[in-house]
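What follows draws every value from the coordinates through simple rules; no lab data is involved. As the structure is a prediction and not an experimental result, all values here were calculated from the model. Here Cβ is always computed from backbone atoms with ideal geometry, including for glycine, and neighbour counts include all displayed protein chains.
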Amino acid sequence: MSEEKHAQLEADLRAWVMRLPPLTLASSLGAEDMVLTDMVLRLNLPVRIFTLDTGRLPESTYRLLDRIFERYGQRIDVFWPEAEGVETLLQKQGANGFFHSVEARRACCGVRKVAPLHRALKGYRGWITGLRRDQSPTRQEVMAESWDDSLGLMKLNPLATWSSDEVWAYIQRHQVPYNALHDQGYASIGCAPCTRALRPGEQERDGRWWWEQALTKECGLHQSALTEEATRVKA
């Protein structure tokens with residue numbers, strides 16, 4: 001990781017805090033988001049940090065939440081899906097209906113992730129994410145700063161041009177806590193049933209929804225609009 005990128009990250013965060021208050025950091029608790037969490041908390045920036053608990057996260061993700069508190073002395077705000085929405089989803093799809101089609105999987109993500117995200121972002125002028133351009137084909141055009149039409153606020157991606165190596169160099173340099181599944185070959189970590197370790201030659205997000213084509217591998221959190229398809233429960 002270059003000193004220039006480290007300095008730019010700090011400068012971007014400080015500038016956004018001044019220009020776009022209030023800000024919030026949406027953390028998946030992945031490696032990139034741990035870099036941002038570390039920077040925000042070490043600099044004591046006025047940025048609310050939250051994560052989404054879908055109800056199907058790996059145990060190691062919950063352990064990471066405890067480690068964050070042990071390291072920084074601060075709890076990450078957690079948002080859960082509405083119980084009624086999950087109940088309806090399970091009645092129509094069953095526990096693992098998301099394997100049956102892209103539409104069914106997006107409906108599951110809509111209930112468990114997208115709807116809670118909208119609740120979490122209410123009242124904020126901007127949200128910070130750990131998106132990087134080289135994570136997948138669907139993210140190659142990610143900008144450092146853009147207007148999110150679907151949410152009506154600014155979307156800030158300060159790690160857009162960072163590489164995976166630069167992310168891990170930061171983590172090692174600052175001894176940032178991270179999900180233990182990364183040490184087992186997991187590059188991108190989401191819900192337990194939808195995440196596996198990478199195979200040789202695969203891209204970072206190939207371990208997510210591996211039964212789908214690469215261009216469908218988004219849950220809806222980072223798509224331009226919250227469509228009916230992303231929130232409707234389908235059989």
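Equivalent-ellipsoid semi-axes (√(5λ), Cα gyration tensor) for the chain, whole Å, largest first?
27, 20, 18
Divide by every residue of the chain the summed helix terms, -39500 (n - 2.57) for each DSSP H run of at least 4, and state the resulting mean residue ellipticity at 222 nm, rounded to the nearest 500 deg cm²/dmol.
One gets -10500 deg cm²/dmol as the mean residue ellipticity at 222 nm.
Charges on Cβ only, +1 for Lys and Arg, -1 for Asp and Glu, centred on the Cα centroid of the stretch 3-226; of Y170, V111, S150, which one is farthest towards the dipole's positive end?
Projecting each Cα onto the dipole axis, the largest value belongs to V111.
Could you give the length gained by full extension between E103 and A197, i.e. 0.36 nm per residue of separation minus their alpha carbon distance, to one decimal place?
Contour length minus Cα-Cα distance gives 31.5 nm.
Charges only on Cβ, +1 for Lys and Arg, -1 for Asp and Glu: so what's the dipole of the chain about the Cα centre, in debye to the nearest 20?
400 debye
Based only on other Cβ atoms within 10 Å, what is the fewest-to-most ordering of M143, M18, M39, M34?
So the residues, fewest neighbours to most, are M18, M143, M39, M34.
Report ³J(HN,Hα) in whole Hz for each residue of the stretch 202-211, in order, from the Karplus equation J = 6.51 cos²θ - 1.76 cosθ + 1.60 where θ = phi - 60°; Gly and Pro get x.
Result, ordered by residue: 7, 7, 4, 9, 5, x, 9, 6, 4, 7 Hz.
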